[in-house]
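Right, one structure below, let's go through it.
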Amino acid sequence: MSDTESIDEADGARPYSPSGMYFADGTPHKGQVFENEAGKAFGETYEGCMRCNGSGRWSKNRRKACIACEGEGEKFIQARLYTPAELDAADRRRKKAAETRVTKQAEREANIIAKHQAFVEANPDLWARALVSEDKFVQRLVIASQTWGGLTDAQLKALPEALDRLANERAFYANSVPVGTPGERMDIVVTCRAKSSFLSKKFKGRGMQEVHLTSMADDEGRAFVSITSAFTLDVGDKVLLRGTVKGHDERPGWPRTVLNRVAVLEVISTLASRQEAEAAEQVREEEWDHASAPSM
Ligand SMILES: [Zn+2]
């Protein structure tokens, strides 16, 4: 093969074929060329046996021959033949398809960046708040916008709510300080402000268990948290707790006392009971207003 023929690396490197024809993978064909009714060229060749992966042995009993190839490890087949021009054309089609894929991918990525930038430009304040947030949910939305190109309507609605919720909690816990010393057992009155649950690998044994993260505050606005499968409260529950101080952290952005071995000694009130009491109070006030109003 001369140098002038191998200008293009892929196209110029065909090995010599006695018949001038090649199989689909570019290997040269030896022997006779057949044609089917449609005028397509075929040649005879051996193909590695798929059944035994070329070993010639039966997978369930290696001492017996593979029934597909009768122990030969390969099978005699008739396969399509191609001229060098046909193979070159196929190569060009493959290359073109690959280039198109790359172009399409680049277009998709550019589109995502443009959509994300449009979102940031349309919501500059929201984006600035989201970027500095330590909240996991907010951080996920920040990544989602960059990955998918902006936010969905539902995410766009959820983001400011999450930021406001976080700002509210930060303001609520502005005076929070660590309580107690690690190992100390204490009784405290707290109200549950938030709860979430997640699945976690069991500490002992196999399988998963539901773990509850319960955020609580005492009447002085000091933050408590317990992370355990054995205890949680409903939001609004006010209870007398006994718990052991495990340590202190500032994970959400304010000082917290982490409790474990938590038990409820007394339920003081629930959100539902307080709402009922408030509603009853309002009815009494209205009745009083009605009774004290001058009669017509
Ligand atoms: Zn076989």
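Each reported figure results from applying straightforward, stated rules to the coordinates on display, with no laboratory input. None of these values were measured; they are calculated from a predicted model. Counting neighbours? That spans all protein chains shown, and the Cβs are built from the backbone with ideal geometry, glycine included.
Details
- Label-to-label distance, nm, for residues given as V189 and A167 (7 Å Cα→Cβ offset): 3.2 nm
- In this structure, the pairs whose alpha-carbon distance is over 19 Å, taken from K195/K238; K30/K75; K30/K96; K136/K157; K136/K195, are K30/K96.
- Within the chain, the whole DSSP H helices whose Cα atoms reach 24 Å or more along their own axis and whose mean Kyte-Doolittle score is at least -1.0 are 84-122, 153-172.
- Using a Gaussian network model of the chain in which every pair of alpha carbons under 10 angstrom is joined by a spring, one finds that among V211, V283, V225 the greatest mean-square fluctuation is at V283.
- Gap separating the Cα centres of region 215-279 and region 162-177, nearest whole Å: 16 Å
- Only Cα sites of region 110-170 enter the Debye sum here, all with the same form factor; the resulting log10 I(q)/I(0) across q = 0.20, 0.23 1/Å is -0.68, -0.89, listed in q order.
- Once the Cα gyration tensor of region 3-82 is diagonalised, semi-axes √(5λ) in Å: 32, 17, 9
- Normalised by residue count, the chain yields a Cα convex hull volume of 394 Å³ per residue.
- Net charge contributed by nearby residues that have their C-beta within less than 12 Å of E281 (K/R +1, D/E -1): -3
- With the helix formula -39500 (n - 2.57) applied to DSSP H stretches of n ≥ 4, the chain reaches a computed 222 nm mean residue ellipticity of -12000 deg cm²/dmol.
- The label-point distance for A38 and F198, in a model that sets each label 7 Å from Cα toward Cβ, rounds to 5.6 nm.
- Charge dipole (debye, nearest 20) of the chain; +1 at Cβ of Lys and Arg, -1 at Cβ of Asp and Glu: 1780 debye
- Farthest positive-ward along the chain dipole, Cα basis, beta-carbon charges - from A174, L81, I227: L81
- With the charge dipole of the chain set up from +1 on Lys and Arg Cβ and -1 on Asp and Glu Cβ about the Cα centre, the Cα lying farthest toward the positive end among the listed residues L259, A217, A158 is that of L259.
- R0 of 25 Å, Cβ-Cβ distance V177-V235: FRET efficiency to nearest 0.05: 0.60
- Comparing A194, A144, A13 in a Gaussian network model of the chain, where Cα atoms under 10 Å apart are tied by springs, the biggest mean-square fluctuation is seen for A13.
- Dipole of the chain, positive direction: furthest Cα of I268, G43, A114, with charges on the beta-carbon: G43
- For region 137-296, the convex hull drawn through the C-alpha positions has a volume of 191 cubic angstrom per residue.
- Cysteine residues of the chain whose C-beta has no other cysteine C-beta under 4.7 angstrom: C192.
- Estimated dipole of region 76-121 in Debye, rounded to 20 [Cβ of Lys and Arg +1, of Asp and Glu -1, Cα centre]: 160 debye
- For the options E276, E220, E99, a Gaussian network treatment of the chain with springs between C-alpha atoms closer than 10 Å singles out E276 as fluctuating the most.
- Whole-number percent relative contact order across the chain, with pairs defined as alpha carbons under 8 Å at least 6 apart: 10 percent
- Of the trypsin sites (Lys or Arg not before Pro) found in region 47-107, the ones in coil according to DSSP and having at most 12 other Cβ atoms within 10 Å of their Cβ are K60.
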